[in-house]
Amino acid sequence: MKNVLILGGSGFVGSHVCEKLVRAGWSVTVATRRRSNARQVQHLPGLTVQELDVHDAAALARAAAGHDAVVNLIAILHGTQAAFNRVHVELPQKIAAACTSAGVGRLVHVSALGANAQKPGSLPSMYLRSKSLGEAMLLASCSPLALTILRPSVIFGAGDKFLNLFASLQKVFPLMPLAGADARFQPVWVEDVASAVVKSLERSGTGALTIEACGPEVFTLKQLVEISARLAGVNYGRGRPVIGLPAWAGALQARLMELKPGEPLMSRDNLASMRVPNVATPGMPGLETLGIQAAALQGIARSYLSQGSS
């Protein structure tokens, strides 16, 4: 039985990854700052929860010892430049160093579609630049690791904070003023992303491989908002009017959302990220490289959005 250390295993994607790895016969360790955060996965057979500050390099190296592989799923969507660098750049550096010192042979790192490890400075948002720099750091230090970088588009599935969020908002508001309405996405099912992680751990060979994880269809953000309402049965399946905002109004909307307490629904940095089409790059390896046929969005989204229809 092979042993894998999962960083970020208690989150939306992480819980699906843990379930698939346990079913595939892996012995799984989930590292989390607080054991209570891993309630969703700690019942799985063969899974151990370990309390750990992943930003503590020495503790991370000790945790990696005895494992055949490490999976990094930790990311943030909002924050300052320093926060993005800490999570997306410095942490991958520490993970690579921990793998090297502990003799771990394989690393799977989940990045983001739109990242560009060759030209990080060319990207318009802190999020994408930091994701790109993290990839570049891993690629520069991956030897002798077998490194797989997965770049998913926006991820959907039961419990997501994407389609569910838009459906919920339209149950409350009579219309949807929408920043970035024309931004393009190629949404990918969370189960396909989890399968990609498992298959990346099982692939033969060494060296680095970057894979773009996308679904089979491209949508604008406006189309996705309309689909979410229709599938959730909002306004008897008609949804609400979706009003695309001009750039200045979208930036103002995002700024106002940033001022609210807690994590914002959208930030100006999110808007900047959407200037880069969130779609597959021609010629780049996709999920088919791992033998995965990506699922279409609407049939799956209907199965969970319709449960809360009103």
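The values are calculated or read from the model by the stated rules, or taken from the named source; none is laboratory data. What you see is a predicted model; the values in this text were computed from it and never measured. Counting neighbours? That spans all protein chains shown, and the Cβs are built from the backbone with ideal geometry, glycine included.
Observations, loosely collected:
- Entirely in the stretch 94-179, the strands (runs of 3 or more DSSP E) that have 2 or more residues that are under 21 Å from Leu7 (Cβ atoms): 106-110, 146-152
- Selection of the stretch 210-226 for residues being assigned to a loop (DSSP other than H, G, I, E, B) and surrounded by 22 or more Cβ atoms within 10 Å (Cβ to Cβ) yields Cys214, Gly215.
- Within the stretch 99-116, restricting attention to residues that are of a type in the set (A, V, I, L, M) and in contact with a Lys or Arg (Cβ under 9 Å, 6 or more places away or on another chain), the residue that is farthest from Arg268 (Cα to Cα) is Ala102.
- Residue that is nearest to Val193 (Cα to Cα) [pool: residues in the stretch 9-55 that are in a helix (DSSP H, G or I) and small (Gly, Ala, Ser)]: Gly14
- Qualifying residue in the stretch 131-153 (condition: over 26 Å from Thr80 (Cβ atoms), hydroxyl-bearing (Ser, Thr, Tyr) and within 15 Å of the chain's Cα centre (by Cα)): yes
- Qualifying residue in the stretch 277-284 (condition: in contact with a His (Cβ under 9 Å, 6 or more places away or on another chain) and modelled with pLDDT of 95 or more): no
- Which numbered condition Gly79 misses (of (1) closer than 11 Å to Leu5 by Cβ; (2) crowded, with 18+ Cβ neighbours inside 10 Å): (1)
- Considering (1) crowded, with 24+ Cβ neighbours inside 10 Å; (2) within 14 Å of the chain's Cα centre (by Cα), the lone condition that Gly114 does not fulfil carries the number (1).
- Some residue of the stretch 16-27 being modelled with pLDDT of 95 or more and closer than 18 Å to Arg151 by Cα: yes
- Of residues in the stretch 131-181 being aromatic (Phe, Trp, Tyr) and buried (at least 22 other Cβ atoms within 10 Å of the Cβ), the one nearest to Leu271 (Cα to Cα): Phe166
- Helices (runs of 4 or more DSSP H) wholly inside the stretch 227-310 containing at least 2 residues that are surrounded by fewer than 20 Cβ atoms within 10 Å (Cβ to Cβ), at positive phi and in contact (Cβ under 8 Å) with a residue 60 or more places away in the chain: none
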